[in-house]
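Heads up: the structure comes next, in structure tokens.
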Amino acid sequence: MKQRPLILALDFANKAKALQFLQHFHEPLFVKVGMELFFQEGPSIIEVLKQDGHHIFLDLKLHDIPNTVKQAMKGLAKLGADLITIHAGGGRKMMEAAMEGIEAGMNSGNNNRPMVVAVTQLTSTSPEMLANELLIEKPLHKTVLHYAENAKKSGVDGVVCSVHEVQEIKKVCGESFFTVTPGIRLEKDHADDQVRVSTPKFAREQGSDAIVVGRTITKAKDPYQAYQEVKKEWEDMKNEKRDCKTFA
């Protein structure tokens, strides 16, 4: 598995549609299982995908009282995912409890602990929404940076953020702090319901550690060709040397 994964979002309504889509590909992928698919199929979808050799980004964005998140993470630790999301908006005690839960779950006999990344602000969040609907007065980028700092202090491995915040997060939290960036589109594609979007090339230039790509590939007439196009942009790493997490 490459050091800087291209994660393909399996945002499908059920297992049958997800597996049918994956027939376009001939090699194991790094795939995202989010709420849409997981809530319909449950943990069994993770087992099926792992049997086919895929790496798993389990994107459930846990956000609840600390004990509830801790107990949930104990269970999720046993599924064999590579990345799991919680929500930084739950605060430091919740994030600390999540890390306690994931460690406790690993003590049940699993060998490789999943990385835990905290969602800062969704890429669909605009400054206007933040101020007018959520009543958060601080600028969007400062809110994201503060959430990232809280995640770092809580022992979380990294964050989910937009490409536009990666460099500042790296400066404050360190180069090894893992940044997962969704909202990735090829230049020719529409932004849809995302606001803070970017191309794979720009994500690479900004120093993202992983990108998440969905509709650019899943809605393409030729998904495999679209995947290769995104991959080429993302992996054009001439003269780049970075210490990144390896998924083996």
Checklist outcome for this item: For the chain, whose charge dipole is built from +1 on Lys and Arg Cβ atoms and -1 on Asp and Glu Cβ atoms, the candidate among N14, P114, V166 with its Cα farthest towards the positive end is P114
Checklist entry - What does the convex hull of the Cα atoms of region 10-87 come to per residue, in Å³, rounded to a whole number? => result 78
Checklist entry - Which entries in the list K171/K231; K93/K231; K32/K170; K15/K219 go over 28 Å, if you measure between the two C-alpha atoms of each? => result K93/K231
Checklist entry - Using the Cα gyration tensor of the chain, with a ≥ b ≥ c the square roots of its eigenvalues, what is the shape: rounded (a/c below 1.5), prolate (a/b larger than b/c) or oblate (neither)? => result rounded
Item to check | D222 paired with K142, simple spin-label distance in nm, labels 7 Å along Cα-to-beta-carbon | outcome: 4.9
Item to check | Ranked by how many other beta carbons lie within 10 Å on average, peptides 96-104, 126-134 from highest | outcome: 96-104, 126-134
Next on the checklist: Give the residue list of trypsin sites (Lys or Arg not before Pro) in region 111-188 that are DSSP loop and have at most 16 other beta-carbon atoms within 10 angstrom.
Outcome noted: K188
Checklist outcome for this item: Computed over region 1-144, the relative contact order (Cα-Cα under 8 Å, seq sep at least six) in percent reads 18
Next on the checklist: Under 8 Å for C-alpha pairs, at least 6 residues apart: give me the relative contact order for the chain, rounded to a whole percent.
Outcome noted: 19
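Only the coordinates and a few stated rules stand behind these numbers; no lab work does. A quick note: this is a predicted structure, and the numbers were derived from the prediction, not measured. Backbone-built Cβ (ideal geometry, glycine too); neighbour counts: all protein chains shown.
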